[in-house]
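For reference, the structure discussed in these notes is given below.
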Amino acid sequence: MDNIEFLDEDVLSVVDISRSFEDEEVDVFSMASLGNYVLLGHRTENSDTNDEKLHRLSLAYEKLHTVPKILLQELAPKIKILDLSHNEFDNLDFLSEFKALTTFICDHNNISSNTNLPFLPTLELLWLNHCKVTSLYPWAKKLQSSCPNLKFLSLMGNPVAPSYLNGGNFYEYLQYRLFIISLFPKLVHLDDRPVNTDQRIEAERLYRKPLVERLVMNISTPEYLRHITEIFTPAAITHEKNLIV
């Protein structure tokens, strides 16, 4: 049972299907199965028919590189919250089957700059922490087209998200943050902190063509970012790795 992660104990329970179910009837639309375990949606007397059906699914820590076809066929259209953390996914094309998806957690997978997401207009939360995304452009632009309504995005632990842990400096972090904010007008939280009004204004002012390509490719440094870097990086430690705060 250690291989199953639960998003809400009030919504899901674990049933070992190795025992007999001869005297029980199980609605396939209210469960998701993998191996010897089934995640069942609890039913309550006050629940509507739609609320009775499973809408959360966790397949974390299963060493998967694709979602089993039976789950795609029977559950994908109903799932709103999907957790595939700690697996081996490098292709996410199957997400096109999840028509109602609002939350997708895919931390610690093989997601790279070559991984594209299908069009997911209902997706509001996306976590791709500790994956293998190395290039911000054009990957982020494709993500913008695929997930235009994102409100929460986290890419921490990827080479593309600068931090003191991977050798990044404050300027690189600020450049990354403002560029991402400029792509998603509904974004309210990026990585480990909220998006504020000042960041939104500066992102919209700075990242406009042809500046987008020029900035992301590190061809030159805008005077504004140079000034910000000087403020937050004292001369005495200019060449040292700094904790981004």
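The values are calculated or read from the model by the stated rules, or taken from the named source; none is laboratory data. Please read these numbers as outputs of a predicted model, since none were measured by experiment. Note that each Cβ is placed from the backbone with ideal geometry, even for glycine, and that neighbours are counted across all protein chains shown.
Tabulated data for the structure shown
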item: Top-ranked residue of region 164-207 - restricted to ones that are assigned to a loop (DSSP other than H, G, I, E, B) and more than 18 Å from the chain's Cα centre (by Cα), ranked as modelled with the lowest pLDDT; result: G167
item: Residue match in region 100-110 (condition: out of contact with any Ser or Thr (no Cβ under 8 Å at 6 or more places or on another chain), of a type in the set (A, V, I, L, M) and crowded, with 18+ Cβ neighbours inside 10 Å); result: no
item: Output for region 77-102, where each listed residue is outside any loop (DSSP other than H, G, I, E, B) and at pLDDT 95 or above; result: I81, L82, D83, D93, F94, L95, S96, E97
item: Region 153-206 - residue that is β-branched (V, I, T) and surrounded by fewer than 19 Cβ atoms within 10 Å (Cβ to Cβ) and, of those, farthest from L126 (Cα to Cα); result: I201
item: Any hit, region 138-145, residues being free of Cβ contacts under 8 Å to residues at least 24 places away in the same chain and part of a loop (DSSP other than H, G, I, E, B); result: yes
item: Filter result (surrounded by fewer than 16 Cβ atoms within 10 Å (Cβ to Cβ) and touching a Phe, Trp or Tyr at 6+ places or on another chain (Cβ under 9 Å)) within region 55-68; result: H65, T66
